[in-house]
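Working notes, structure below.
What follows is calculated from the coordinates using simple rules that are stated; it is not laboratory data. Keep in mind that what you see is a predicted model, and the values were worked out from it rather than measured. Glycine gets a Cβ as well: all are built from the backbone with ideal geometry, and neighbour counts include every protein chain shown.
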Amino acid sequence: MQTAATWDRRGASRAFVDTNVVIQPLAAADLPAVRSLLVDLPVAYPGAEAWLRRRLQDCLAGRARCMIAATADDVVGVTILTPKSLATKLSTIYVRPDFRRTHLGSRLLDQVLQDASRWAPRDAQGEIYVTIAHQTWGQLERLLSSRGFTRTAFESNRYGRGRHEIVATRLG
Ligand SMILES: CC(C)(COP(=O)(O)OP(=O)(O)OC[C@H]1O[C@@H](n2cnc3c(N)ncnc32)[C@H](O)[C@@H]1OP(=O)(O)O)[C@@H](O)C(=O)NCCC(=O)NCCS
């Protein structure tokens, strides 16, 4: 496959934008690739495997929104947006390691923010939040803060002893 990658003027040598990565809604045929992309999720989030199965079904049934970042051959990024009672939850944002630092996470999050108003419950007033295992926070902090999220809560031992949870919120 020929890749139309362009070097980003802002970035150093590791930063390039792969213009062939397309962001699109999840289709049933993408399920195996999404599951395989998120195979390590249960390491940080106990019970994530069953949770993911349910959530992806919700997405296909129109109860939640999953967007994938796809190359011609594979799924390399994913987001899941879930309406809750008073806010919209960004349930997952994940980019395959070899595609990181190419602005793909930023593109996916911008798409989430674009979609959020359509997926928000009536009383959400534009609020979006995300819960993150504390060991992953360092990877997500810059991305989330650049899009207006701030750290709003911390729960000790949420995912087991010594495995804490951080909540980041973006007000509408
Ligand atoms: C967080 C994540 C989505 C970022 O994806 P990405 O494609 O690398 O993001 P971008 O290239 O758009 O970078 C966005 C910003 O984050 C910064 N960043 C990216 N990775 C980082 C890291 N590991 N540490 C610190 N900052 C980082 C970038 O420098 C950039 O900031 P800048 O524009 O000020 O330079 C990706 O690292 C990831 O998927 N991590 C795992 C997340 C996870 O476990 N999700 C499941 C639970 S929600």
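Worth a mention:
- Counted residues, the stretch 88-123 - those being touching an Asp or Glu at 6+ places or on another chain (Cβ under 8 Å) and touching a residue at least 60 places away in the same chain (Cβ under 8 Å): 4
- Residue selected from the stretch 26-35 under the condition in contact (Cβ under 8 Å) with a residue 24 or more places away in the chain and in a helix (DSSP H, G or I), by the criterion farthest from the ligand (Cβ to nearest atom): ALA28
- Counted residues, the stretch 34-73 - those being of a type in the set (Asp, Glu) and surrounded by 15 or more Cβ atoms within 10 Å (Cβ to Cβ): 1
- Number of positions in the stretch 37-95 that are in a strand (DSSP E or B) and among the hydrophobic types (A, V, I, L, M, F, W, C): 13
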